[in-house]
1. Which numbered condition trips up Val248, out of (1) surrounded by fewer than 17 Cβ atoms within 10 Å (Cβ to Cβ); (2) β-branched (Val, Ile, Thr); (3) modelled with pLDDT of 95 or more?
2. Can you say whether Ser368 is at pLDDT below 95 and hydroxyl-bearing (Ser, Thr, Tyr), as far as the supplied structure shows?
3. Please work out which residue is farthest from Asn158 (Cα to Cα), limiting yourself to segment 291-316 and to residues that are in a loop (DSSP other than H, G, I, E, B) and touching a strand residue (DSSP E or B) at 6+ places or on another chain (Cβ under 7 Å).
4. Restricting to segment 49-84, name every residue that is in contact with a Cys (Cβ under 6 Å, 6 or more places away or on another chain) and not in a helix (DSSP H, G or I).
5. Within segment 185-236, work out how many residues are farther than 28 Å from Tyr249 by Cβ, charged (D, E, K, R) and in contact (Cβ under 8 Å) with a residue 12 or more places away in the chain.
6. Taking the criterion of being in a helix (DSSP H, G or I), at pLDDT 95 or above, over 23 Å from Asn146 (Cβ atoms) and not charged (D, E, K, R), would at least one residue in segment 268-281 satisfy it?
7. Restricting the search to segment 227-252, which residues are within 18 Å of Ala212 (Cβ to Cβ) and charged (D, E, K, R)?
Amino acid sequence: MKTAPSLLLLLLGALLPAALHGAPADTPSVRKYKICVPEMVLDECNNLARQDGVHLTCVPARDRLECLDKVHTHKADFVPVDPEDIYIAANNGDNHFAVFKEIRTKEEPNEEFRYEAVAVIHKNQPLRSVQDLRGLKSCHTGVGRNVGYKIPLTKLSNFHVIGALNDKSLTARENELRELSGLFSKACLVGNWSADPELNKRLKKQYSNLCALCEHPDICNYPDHYSGYDGALRCLSDNGGEVAWTKVYYVKKHFGIAIGGDPTVVVNQTGYDPSEYAYFCPDGTKKPILGRACRWAARPWQGFLASDDLLNEVPQLRQQLKLANTLGEQQDASWLSKVLLVLKGKTTVVDNGQPLSPQAYLNKANYSDVIGRNFGPNDPIRSA
């Protein structure tokens with residue numbers, strides 16, 4: 001037939017591109033993100049990575065410190081972290097990392113911080129600056145604890161309300177106790193002040209005013225009615241205290257204010273009148289209990305730290321973590337807590353708005369100096 005050559009040419013024309021370029025291309029492979037985990041949870045991580053719809057691959061490391069290095073050197077894409085890990089990242093290549101998602105409690109999923117450390121006073125207490133704290137009766141959660149000890153010490157030292165904590169003739173702990181004993185007329189500061197029973201006994205005798213407000217001043221240890229976050233507020237309300245160092249969460253409980261809701265609304269009558277108290281702010285001002293607190297510092301949430309070169313893929317990363325969170329809850333999977341640090345029924349992954357560098361993330365909580373506090377006498381390092 002005369003048309004046969006024409007048909008042959010048409011057929012060849014249709015087949016030639018495929019012959020030149022090979023078989024039709026497969027669907028592009030899905031991008032898999034590399035999550036770094038400590039070696040001890042690698043099996044759990046691999047179980048996570050096998051879930052339908054989860055596009056993760058696991059990169060093992062000795063610990064989270066090595067994970068930070070792997071993210072920094074692009075051997076991994078991201079890692080679950082605590083605030084202390086974020087502090088390390090901030091001091092080791094801050095601009096190479098970004099905090100892009102947080103782990104918050106289900107009770108307070110909209111709160112900006114894990115907790116806020118505050119000072120609570122009687123509303124009519126005549127204070128105009130932090131220097132006016134001298135001579136007050138102070139209520140603390142316990143020795144060595146963040147909110148009732150480390151944060152006040154750190155901030156009061158920064159404000160030069162207490163002296164230098166570097167007397168080489170004393171231990172670091174006794175430096176701290178001596179300054180607190182000199183600052184406050186009385187206090188309740190329970191706990192083991194030293195692991196050595198004899199030294200613990202001596203310190204509590206020497207700085208006995210720091211136990212004077214406790215339920216059992218002669219013991220000055222747990223359990224005590226005026227210790228802990230709520231106990232510090234009872235010390236303020238019921239036992240002659242003039243300033244209490246605690247968390248906003250427990251202030252709300254003490255005064256019956258809605259948890260995770262409107263901070264101006266009392267939902268339970270507890271017998272304590274919030275209008276008689278105030279938050280005492282680091283700048284010397286006061287704020288009503290029924291309202292937004294002024295914090296001395298806040299502890300950031302746990303979260304996820306990614307390499308900065310993945311900023312354009314943050315939406316995809318967030319979606320992957322949301323899916324993993326949902327699957328882990330449904331299956332009661334061990335990898336939910338061991339790999340993602342999420343506690344079933346208690347915490348959940350939440351987007352934190354704009355991704356932040358580690359330093360910016362800590363700065364908004366005013367928390368860097370609390371993690372990095374370096375009190376006590378320092379000896380110079382000498383090389384041999």
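The values are calculated or read from the model by the stated rules, or taken from the named source; none is laboratory data. Remember, predicted model here, so these are calculated numbers, not experimental data. Note that each Cβ is placed from the backbone with ideal geometry, even for glycine, and that neighbours are counted across all protein chains shown.
1. Status for Val248: all satisfied but (1).
2. In short, yes.
3. Trp301
4. Cys58, Val59, Ala61, Ala76, Val79
5. Matching residues across segment 185-236 total 1.
6. Yes.
7. Answer for segment 227-252, where residues must be within 18 Å of Ala212 (Cβ to Cβ) and charged (D, E, K, R): Arg234, Asp238, Glu242.
The rows are residues; the columns are (1) among the hydroxyl-bearing types (Ser, Thr, Tyr); (2) touching a Phe, Trp or Tyr at 6+ places or on another chain (Cβ under 7 Å).
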| site | (1), (2) |
| --- | --- |
| Tyr222 | yes, no |
| Arg234 | no, yes |
| Asn239 | no, yes |
| Glu242 | no, no |
| His254 | no, yes |
| Thr264 | yes, no |
| Leu290 | no, no |
